[in-house]
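Take a look at the structure set out below.
The values are calculated or read from the model by the stated rules, or taken from the named source; none is laboratory data. Nothing here was measured: the structure is a model prediction, and the numbers come from that model. Quick reminder, even Gly has a Cβ in these numbers, built from the backbone with ideal geometry, and neighbours come from all protein chains shown. Surface areas here come from the heavy atoms of the whole protein model, side chains and all, with no ligands, DNA or RNA. Shrake-Rupley method; radii C 1.70, N 1.55, O 1.52, S 1.80 Å.
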Amino acid sequence: MLTCNYLGRFAPSPTGALHAGSLATALGSWLHARAHNGKWLLRIEDLDLPRCIPGADKMIIQQLMACGLEWDGDIEYQSKRTAFYQSALNELINSQKSFACRCTRKQIEDALLSLGHKKQRHEELMYPGTCRDKKDIVEPCAWRLRVDDEDLRKTVGDFVLRRADGIFTYQLAVVVDDALQGITHIVRGADLLDNTPRQIYLQKQLGYKQPQYLHLPLVLDENNEKLSKQTLAKAIHTDSPENCLKALQAAAKHLGLNDERLYQENASRVSKWLEIAIENYRAILKSE
Ligand SMILES: [Zn+2]
């Protein structure tokens, strides 16, 4: 593990190449780390393999390199770290903080309806605690976290740590990785904001230190929707230094960087441009 006062990270899922939105997040977290003289790690979140696109990790890596967003240390792949997630889950099971659940989506919906809850619009259902006190464990089953926090119970309930198909969830993996890698600052897109209370709660259950969080505004398309694979966001072009600069300029504009030198027609080389961007970002941090 790298020892450093500031350790940040960028953790893309390899579900496609970087688009304007994910580049803005990458640049934002990179600048935040560099402006603090910190280190910045790269982690590929490839646990949900069916959603991953073969080769997307290589594309992302190439795009980051072309844009000069270099990382420190080795790239970590979550798919190679499942032993860590299992051991954290075991710890929670042994301390009775996690329980087995075989409820189907339909059963959870019915349980919620019988409790007087309306159908929820979000994809994720608030879990009403049905299996909390069941003693028999029949595989395959999901493992959920026993949630005793009032607010979290109302919003998500006992959330899943490992799915019945054996895949560890984003919530568990990200919390374990951030803790084991010693991440001190998490700078990410605002779309992940509603995950943060769950992750902080899980950190507490595992006795982990809580990192600092900063959520960046999302880049929206003309329909005011978040840029994503689902909304067919276009990959940024990084095939030439000029295109990299264009993509970086758009990301910088989104982040509110205002140094004119960043937007000149003939902006200098990528490395020089990034130096100016760090300077600009530091000035913004100081003025806050
Ligand atoms: Zn259940």
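Could you count how many residues in region 102-132 are at positive phi and within 11 Å of the ligand (Cβ to nearest atom)? Please lay out each step first, then the result.
Residues of region 102-132 that are at positive phi, as a first pass: 116, 129.
Subset that is within 11 Å of the ligand (Cβ to nearest atom): 129.
Qualifying residue count, region 102-132: 1.
Regarding region 173-189, can at least one residue be identified that is exposed (fewer than 14 other Cβ atoms within 10 Å of the Cβ) and outside any strand (DSSP E or B)?
Of region 173-189, the ones exposed (fewer than 14 other Cβ atoms within 10 Å of the Cβ) are none.
No.
Could you tell me how many of the residues in region 48-61 are out of contact with any strand residue (DSSP E or B) (no Cβ under 6 Å at 6 or more places or on another chain) and open to solvent by less than 50 Å² (accessible area, probe 1.4 Å)? Write out each step before concluding.
From region 48-61, those out of contact with any strand residue (DSSP E or B) (no Cβ under 6 Å at 6 or more places or on another chain) are 48-56, 58-61; that's our starting set.
Still in the running and open to solvent by less than 50 Å² (accessible area, probe 1.4 Å): 48, 52, 55-56, 60-61.
Looking only at that region, the number is 6.
Would region 219-229 turn up any residue that is touching an Asp or Glu at 6+ places or on another chain (Cβ under 6 Å) and open to solvent by 60 Å² or more (accessible area, probe 1.4 Å)?
Yes, there is a match, as at least one residue in region 219-229 is touching an Asp or Glu at 6+ places or on another chain (Cβ under 6 Å) and open to solvent by 60 Å² or more (accessible area, probe 1.4 Å).
Select from region 133-177 the residues that are closer than 17 Å to E91 by Cα and within 11 Å of the ligand (Cβ to nearest atom) and list them in ascending order.
Within region 133-177, A142, W143, R144, D158, V160 meet the criteria.
Only residues that are more than 22 Å from A250 (Cα to Cα) and surrounded by fewer than 21 Cβ atoms within 10 Å (Cβ to Cβ): list them for region 16-45, please.
The answer is H36, N37, G38, E45.
Do we find that C52 is touching a helix residue (DSSP H, G or I) at 6+ places or on another chain (Cβ under 7 Å), more than 30 Å from T130 (Cα to Cα) and in the same structural domain as N258 (by TED's automatic domain parsing) in this structure? Quick ask: steps written out before the conclusion?
Values: touching a helix residue (DSSP H, G or I) at 6+ places or on another chain (Cβ under 7 Å): no; more than 30 Å from T130 (Cα to Cα): yes; in the same structural domain as N258 (by TED's automatic domain parsing): yes.
So C52 fails the test.
Could you check, for region 78-92, whether at least one of its residues is within 21 Å of L18 (Cβ to Cβ), modelled with pLDDT of 95 or more and not aliphatic (A, V, I, L, M)?
At the first step, the residues of region 78-92 found to be within 21 Å of L18 (Cβ to Cβ) are 78-79.
Now narrow it down to the ones that are modelled with pLDDT of 95 or more: 78-79.
This time we only want the ones that are not aliphatic (A, V, I, L, M), so: 78-79.
Looking for residues that are within 21 Å of L18 (Cβ to Cβ), modelled with pLDDT of 95 or more and not aliphatic (A, V, I, L, M), one finds at least one in region 78-92, hence yes.
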